[in-house]
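Report on the structure given below.
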Amino acid sequence: MKNARYLAAALTLIAVILLAASLHGLSLGADTALAHSDLPVYGGSAVHDADASLDEAAALRTTYSTDDGYLSERWGADRIEAPQAWRITKGESIIVAVLDTGINKDDQDLADRVVAEVNLTDSPTSDDVYGHGTHMAGTIAAIAPECLLMNVKVADDTGRSEASVVARGIVWAVDNGAQVINISLSMRASPELEQAVDYARDRGAIVIAAAGNQGVSEPVFPAYYANCLAVAGTNKNDSLALFSNYGYWVDVAAPGFNIYSEMPRGEYEYKTGTSAAAAHVSGVAALVFSIAEDSSGDGALNDEVRWAIESSCISVDGEGMGRGLVNAFQAVTATTSSTLP
Ligand SMILES: [Ca+2]
Ligand SMILES: [Ca+2]
């Protein structure tokens, strides 16, 4: 009896040591990814190695060939009550810039929405070869069905990008009329990047960025910057997804687990990461933008849009998720019924 208790205690100790070792390994991996800096940590690439051991990532990169993305497959859109928001607005004519790996032209619905594009990478094409930007664009369009898109290719066909290129992409998007700027990538701090984010804010655009997928509280950029909305990822229980970064610098959270959306060549795929979470919020921003009024009188709408999104979040359990889970219906309702404090 006594021996059995000793044995149980010993086994528990071993389990704790193994768990600690695996967690340590995970955070080491994250540090390595961050240390690369200018290689952005990406919803679709670097961090997946670290995430692959987690249950939540089991469905990563499951590709489906189907002609139709059923809304019911897009649990995130339902969870943030996008269909309820459509009774008020569908984000008509709001331009959302997707700073990413490009947007695939084979998908007619997405291609028809692209009002402008630029390729700032070494790639010979503005199309999405890597398979990330298309997924983000699909989610944005699923949340804001009447929005327009701007294809700003800042990440190459291996999914890599540099802060200086992302900064140029932000300025290009703003100068060409983007109102919402989605940045589903993260990297090290860069004065140039911060200046571009500030420029966007000053010109009336809202910048939304992923909080990163290392599962740590260290800030990533541009999400961390004051004029950029940092988005953490939630799972189907509305709690912080295991992979998601978190912390005082996170502004809001949105669905980031098993998100179904368009891929190149007419395919669909489930992706997991804060990239997808940011795309949900950019969709909500387009909805709010289309009905916002300049109640602050500063000649721009981005301050009202940000306020509506942040002030209408649903509070959820867990630390480091900012104001909580974004809600499209509450955000548009806040826009129609309130003014800035
Ligand atoms: Ca921020
Ligand atoms: Ca304003």
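Values quoted throughout were computed directly from the atomic coordinates according to the rules given, and no laboratory measurement underlies them. Not measured: the values here are computed from a predicted model. Positions of Cβ are generated from backbone atoms using ideal geometry, with glycine treated the same way; all protein chains shown enter the neighbour counts.
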For segment 241-253, in residue order, the Karplus 3J(HN,Hα) values (coefficients 6.51, -1.76, 1.60; θ = phi - 60°; whole Hz; Gly and Pro = x) are 5, 4, 6, 6, 5, 7, x, 4, 8, 6, 9, 8, 10
According to the Cα gyration tensor, what semi-axes, each the square root of 5 times an eigenvalue, does the equivalent ellipsoid of segment 36-337 have, listed from largest to smallest in whole Å?
23, 21, 20
Which order do the peptides 137-147, 319-329 take when ranked by the mean count of other beta-carbon atoms within 10 Å per residue, highest first?
137-147, 319-329
Can you compute the charge dipole magnitude of segment 36-337 about its Cα centre, using +1 on each Lys and Arg Cβ and -1 on each Asp and Glu Cβ, nothing else charged? Give it in debye, rounded to the nearest 20.
240
Please report the antiparallel percentage of the DSSP beta bridges confined to segment 36-337, to the nearest 5.
30
Stretch D317-D112 to full length: gain in nm at 0.36 nm per residue minus the Cα-Cα span?
69.8 nm
Stretch D202-Y248 to full length: gain in nm at 0.36 nm per residue minus the Cα-Cα span?
14.2 nm
Relative contact order in percent for segment 36-337 (Cα pairs under 8 Å, 6+ apart) equals 24
Residues with amide H under 5 Å of V316's amide H, sequence separation 5 or more or different chain, H placed in the peptide plane at 1.01 Å from N; which?
L325
Which residues' amide hydrogens lie under 5 Å from the amide hydrogen of S186, considering only partners 5 or more residues apart or on another chain, with H built in the peptide plane?
V41
